[in-house]
Amino acid sequence: MIRLENVSKVYKGSVVALRDISTDIQKEEFVFLVGSSGSGKSTFIKMLLKEEEPSEGTIYVAGKDIGQLPRWRVPYLRRNIGCVFQDFKLLANKSVRENVAFALEVIGRPKHIINQRVPAIIELVGLTEKLNSLPHELSGGEQQRVCIARAMVNRPPILLADEPTGNLDPSTSADIMNLLERLNESGTTVLIATHDHAVVDRSRKRVIELDGGKLVRDQVRGVYGIG
Amino acid sequence: MALRVNYFVDETVSNLRRNVLLTLAAVSTVSISLLLLGVVMVGGEVLTKMVSSWEGKVELNVFLRDEATPEEVAAIKTQTTGMPEVEEVFFESKEQAFEEYKRMFKDSPAITENVDPNALPASYRIKLKDPNQAEPVASRLQGQPGVDEVQFGGEAMKRLLKFTGVVRTILVIAIVLTLGAAVLLIANTIRLGIYARRKEIGIMKLVGATNWFIRVPFIFEGTVQAALGALVASALIYAGKVFGLDRMQDAILFLPLTVSSGSIIRMFFTLLLIGIVIGVFGSTLALRRFLEV
Ligand SMILES: Nc1ncnc2c1ncn2[C@@H]1O[C@H](COP(=O)(O)OP(=O)(O)O)[C@@H](O)[C@H]1O
Ligand SMILES: [Mg+2]
């Protein structure tokens, strides 16, 4: 589903963010991308979305070399990848329902599809009660659920999450991880960048570890680290 | 497609309403910019009309000798009408000249009584296409058989023409400057509006909206704001005409200070077009930075 071949990323100013990374993530896998702050996790995710270009190497998403993708096709790549972030990125002046519907409206989905999918995905993340609430009326965990609903409402085969529990307390984090695991069980390939030990150790999933931009570990049923 | 148009219209209306303050700021900026431009355009029209009416009064007077033969008189007529610079040629006989003279001084019969009807010369009055050509045309006619004297405004007219030329140049510069100021002001307002919604644009990019889908609501909004701005500016200028110019015209009859309602309507459409063009280009340019990712 996602394959990197000898990928390096050097930002201008000669900051080396990733060095010669090769890895392969299968369809319907659940993978943690771990490493301390500055180890290159966000850069990894941004390159999958084509927000950043690799300096060297090739990236395949769903079998296609995304380096060959023309600019005008990039939006269509992104429609296949749901994204969740530490800071939620919700629109403050739109309700829960409107925030989720927005993701379908702006890719031109017809109203009847929106009216059918939005309540369904909001129910799946357990927020039916808060349908008309504004983001500031929600807890951090609830906001992250809205964010996940928005990422999944277009039913992408891939879900990327960059520090999804970074702003949440441990028990809320566990709830969010349960939700992500459920999405994975229903067929979504999930990649989570995190430096949250508890979350990783609890799940016992595949762990890819970065250190200073190098891939230093790839373990099938991993924990966060030895230390 | 119908559904998309629905989305764009909904989005435009709700954005304009949600950001009432921003919309107000944008519309007033557009209004002020276009008002400035409109005032210069209307002022330019009034001035141009005034200037051309002065220039239109510039004539050459070719006075004929009393002893000129009919052949000589006819030859001057043929020569002048044949000149490319000449618009029209009128003949004024001695009798017509005397009638005109009497009309001018009809309130002081003492002056006309003592004048011999034959004392005034016959003349050709020549209207030129371009008043600046008066001097060369005059010097060509001077000394022709049958011509006594050629009169044109001379120094005074040269000064008038220089003045009107300066007025025209200043007008062009003023229009260019106000247009430039309008472009900058409106572009800046657009940039502020887009900056205020950069988060929204970021999310749209992230979930895979195409650049056109992101652009269209901004262009719709820019168009609505431009239209409102042009309307406000034109209304203010119309008020200025009714309460300012028209009253001044009543007081100063000898200057053509009028602007027709028709030319205000024409100006409204010009301002509308300028506003929309600036809006569309401005938002496309300002969005470029946010659409790159
Ligand atoms: N846009 C950028 N320009 C220059 N350097 C960057 C940029 N983004 C990230 N970096 C650098 O790249 C390295 C990896 O950053 P990042 O991928 O954000 O790591 P992580 O997400 O693991 O904390 C860091 O040294 C960071 O300073
Ligand atoms: Mg990061």
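One residue is enough: does the stretch A:124-146 have a residue meeting the conditions more than 16 Å from ligand 1 (Cβ to nearest atom) and touching a residue at least 60 places away in the same chain (Cβ under 8 Å)?
Residues of the stretch A:124-146 that are more than 16 Å from ligand 1 (Cβ to nearest atom), as a first pass: A:124-146.
From the residues that got through so far, the ones that are touching a residue at least 60 places away in the same chain (Cβ under 8 Å) too are A:144.
Yes, because at least one residue in the stretch A:124-146 is more than 16 Å from ligand 1 (Cβ to nearest atom) and touching a residue at least 60 places away in the same chain (Cβ under 8 Å).
Taken over the stretch A:91-101, the criterion of being at pLDDT 95 or above and either open to solvent by less than 20 Å² (accessible area, probe 1.4 Å) or not in a helix (DSSP H, G or I) (or both) is satisfied by A:SER95, A:VAL96, A:ASN99, A:VAL100, A:ALA101.
Filtered by the rule that a residue be open to solvent by 90 Å² or more (accessible area, probe 1.4 Å) and not in a helix (DSSP H, G or I), the stretch B:132-186 gives a lone residue, B:GLN142. When you go through (1) within 11 Å of chain B (Cβ to nearest Cβ); (2) farther than 15 Å from A:ARG3 by Cβ one by one for A:ILE81, which number turns out not to apply? Going through the list (1) within 11 Å of chain B (Cβ to nearest Cβ); (2) farther than 15 Å from A:ARG3 by Cβ, A:ILE81 breaks only (2).
Going through (1) within 16 Å of ligand 2 (Cβ to nearest atom); (2) surrounded by fewer than 21 Cβ atoms within 10 Å (Cβ to Cβ) one by one, A:GLY13 falls short only on (1).
So, of the residues in the stretch A:135-172 that are assigned to a strand (DSSP E or B) and within 16 Å of ligand 2 (Cβ to nearest atom), which turns out to be surrounded by the fewest Cβ atoms within 10 Å (Cβ to Cβ)?
Just the residues of the stretch A:135-172 that are assigned to a strand (DSSP E or B), to begin with: A:158-162.
Those still in the list that are within 16 Å of ligand 2 (Cβ to nearest atom) too: A:160-162.
Values: A:LEU160: 24, A:ALA161: 27, A:ASP162: 20.
Step by step, filter the stretch A:135-172, then rank; the result is A:ASP162.
I need the full set of residues from the stretch A:50-81 which are more than 13 Å from ligand 1 (Cβ to nearest atom) and part of a loop (DSSP other than H, G, I, E, B), in order please. Quick ask: steps written out before the conclusion?
If we filter the stretch A:50-81 for residues that are more than 13 Å from ligand 1 (Cβ to nearest atom), which is where we start, we get A:50, A:56-81.
Passing the criteria: A:LYS50, A:ALA62, A:GLY63, A:LEU69, A:PRO70, A:ARG79, A:ASN80.
For A:GLU181, state whether it is away from ligand 2 (no atom under 16 Å from the Cβ), under 18 Å from the mean Cα position of the chain (by Cα), among the acidic types (Asp, Glu) and away from every other protein chain (no Cβ under 14 Å). Steps first, please.
Working: away from ligand 2 (no atom under 16 Å from the Cβ): yes; under 18 Å from the mean Cα position of the chain (by Cα): yes; among the acidic types (Asp, Glu): yes; away from every other protein chain (no Cβ under 14 Å): yes.
For A:GLU181, the condition - away from ligand 2 (no atom under 16 Å from the Cβ), under 18 Å from the mean Cα position of the chain (by Cα), among the acidic types (Asp, Glu) and away from every other protein chain (no Cβ under 14 Å) - is met.
Return the residue satisfying two criteria in turn: it lies in the stretch A:173-198 and is open to solvent by 10 Å² or more (accessible area, probe 1.4 Å) and farther than 30 Å from A:ASN115 by Cβ, and of such residues it is farthest from ligand 1 (Cβ to nearest atom). Within the stretch A:173-198, the match that is farthest from ligand 1 (Cβ to nearest atom) is A:ALA174. Taking first residues from the stretch A:34-54 that are within 12 Å of chain B (Cβ to nearest Cβ) and partners that are near ligand 1 (Cβ under 6 Å from one of its atoms), the Cβ contacts under 9 Å between residues at least 6 apart in sequence or on separate chains come to A:GLU52/A:TYR11; A:GLU52/A:ALA17; A:GLU52/A:THR43. Residues in the stretch A:16-69 that are acidic (Asp, Glu) and either surrounded by 21 or more Cβ atoms within 10 Å (Cβ to Cβ) or within 13 Å of ligand 2 (Cβ to nearest atom) (or both): A:GLU51, A:GLU52.
Here the condition is being over 21 Å from A:LEU4 (Cα atoms) and within 14 Å of another protein chain (Cβ to nearest Cβ); of A:VAL74, A:VAL61, A:VAL118, it holds for A:VAL118 alone. Return the residues of the stretch B:128-159 that are closer than 19 Å to B:GLU88 by Cα and touching a Leu at 6+ places or on another chain (Cβ under 8 Å); say none if nothing qualifies. Across the stretch B:128-159, the qualifying residues are B:LEU128, B:PRO131, B:ASN132, B:ALA134, B:VAL137, B:ALA138, B:LEU141, B:VAL147, B:VAL150, B:GLN151, B:PHE152, B:GLY153.
Beta carbons closer than 6 Å, at least 6 apart along the sequence or on distinct chains, pair a first residue in the stretch A:195-210 that is within 15 Å of A:THR23 (Cβ to Cβ) and in contact (Cβ under 8 Å) with a residue 24 or more places away in the chain with a second that is within 15 Å of ligand 2 (Cβ to nearest atom) and part of a loop (DSSP other than H, G, I, E, B) for A:GLU209/A:GLY35; A:LEU210/A:GLY35; A:LEU210/A:SER39; A:LEU210/A:GLY40. Among (1) buried (at least 18 other Cβ atoms within 10 Å of the Cβ); (2) among the β-branched types (Val, Ile, Thr); (3) more than 12 Å from the chain's Cα centre (by Cα); (4) more than 16 Å from ligand 2 (Cβ to nearest atom), which single condition is A:VAL220 missing? Every condition holds for A:VAL220 apart from (1).
Taking the stretch B:212-234 as the region of interest, how many residues are within 8 Å of chain A (Cβ to nearest Cβ) and open to solvent by 30 Å² or more (accessible area, probe 1.4 Å)?
The initial filter retains those residues of the stretch B:212-234 that are within 8 Å of chain A (Cβ to nearest Cβ), namely B:213-214.
Those left that are additionally open to solvent by 30 Å² or more (accessible area, probe 1.4 Å): none.
Total meeting the criteria: 0.
Residue count for the stretch B:187-211, restricted to those that are small (Gly, Ala, Ser), within 10 Å of chain A (Cβ to nearest Cβ) and surrounded by 20 or more Cβ atoms within 10 Å (Cβ to Cβ): 2.
The values are calculated or read from the model by the stated rules, or taken from the named source; none is laboratory data. Everything numeric in this text was worked out from a predicted model, so none of it was measured. Here the Cβ is made from the backbone with ideal geometry for all residues, glycine too, and neighbour counts use every protein chain on show. Surface areas here come from the heavy atoms of the whole protein model, side chains and all, with no ligands, DNA or RNA. Shrake-Rupley method; radii C 1.70, N 1.55, O 1.52, S 1.80 Å.
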